[in-house]
1. Using alpha-carbon pairs under 8 Å, 6+ residues apart, how would you state the relative contact order of region 12-233 in percent?
2. By how many degrees, between 0 and 90 and to the nearest 10, does the Cα long axis of helix 156-168 differ from the longest principal axis of the chain?
3. Which value, in Å³ per residue, describes the convex hull spanned by the Cα atoms of region 131-235?
4. Need one number: the % of Cα-Cα pairs in the chain sitting beyond the 31 Å mark.
5. Can you give the Kirkwood hydrodynamic radius for region 139-191, in Å, rounded to one decimal and based on Cα pairs?
6. Over region 69-150, what is the relative contact order in percent, taking alpha-carbon pairs closer than 8 angstrom and at least six residues apart?
7. How big is the convex hull of the Cα atoms of region 79-120, per residue, in Å³?
8. Quick check on packing: order 155-168, 47-60, 131-144 by the mean number of other C-beta atoms within 10 Å, highest mean leading.
């Protein structure tokens, strides 16, 4: 396991270069992330570990083009995200980045299959192709028999599997997960992490899991700790 934050090896899909995020102005400003440098390569699952308020989710949001750094740059497949207009950033998120959050965030009145297929519209995927892809993913993730169920009829682990399927619908090269096991018991949490790892390793994706759980982090290829907004290598 490497302790290098910024690995110069080939296959880099995500790169943060001197990223700082400051909220507010003047004496009321809060610095959430300070001068972050890291690289995530194709086929690599990267764990970002730290306590609540350490800057984990802010850094993930910058890497996912949800937030713009106050200073520095984020590159996705060598595209400088900061150089894109809002429409292009939205397209980048829809087509190139899959998100999994601690709450599955499924639409309550859509079935599992409909929840997965619905995101295809944002990426310009034909409806029938999205439905077929959703069916394949739900089968691969072991919840095909729950495809017609509403989220309320699913267990927490099943909802997260559906959320992973949704994140993978358009086959994005980047997969970002923010505390994906926070609301799951240990066994279901391990299953979810194993599924994320398989999606990254088998799919040649760059994966980042934000977590405070050492057991989740242990499944990653690299671990970096964040404290007070600063990245600290972990052996």
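Any read-out appearing in this document is the output of simple, stated calculations on the displayed coordinates, not a laboratory observation. Note that the coordinates shown come from a computational prediction; the quantities given were computed from them, not determined experimentally. No Cβ is skipped: glycine too gets one built from the backbone with ideal geometry, and neighbour counts run over all protein chains shown.
1. So the answer I get is 31 percent.
2. Value to nearest ten degrees: 80.
3. In region 131-235, the Cα hull volume divided by residue count equals 112 Å³.
4. Of the Cα pairs, 20 percent sit more than 31 Å apart.
5. Taking the inverse mean of 1/r over all distinct Cα pairs, region 139-191 comes out at 11.9 Å.
6. Taking the mean separation of contacting Cα pairs over the length of region 69-150, I get 25 percent.
7. Residue-normalised Cα hull volume stands at 95 Å³.
8. Most protected by this proxy first, the peptides run 155-168, 47-60, 131-144.
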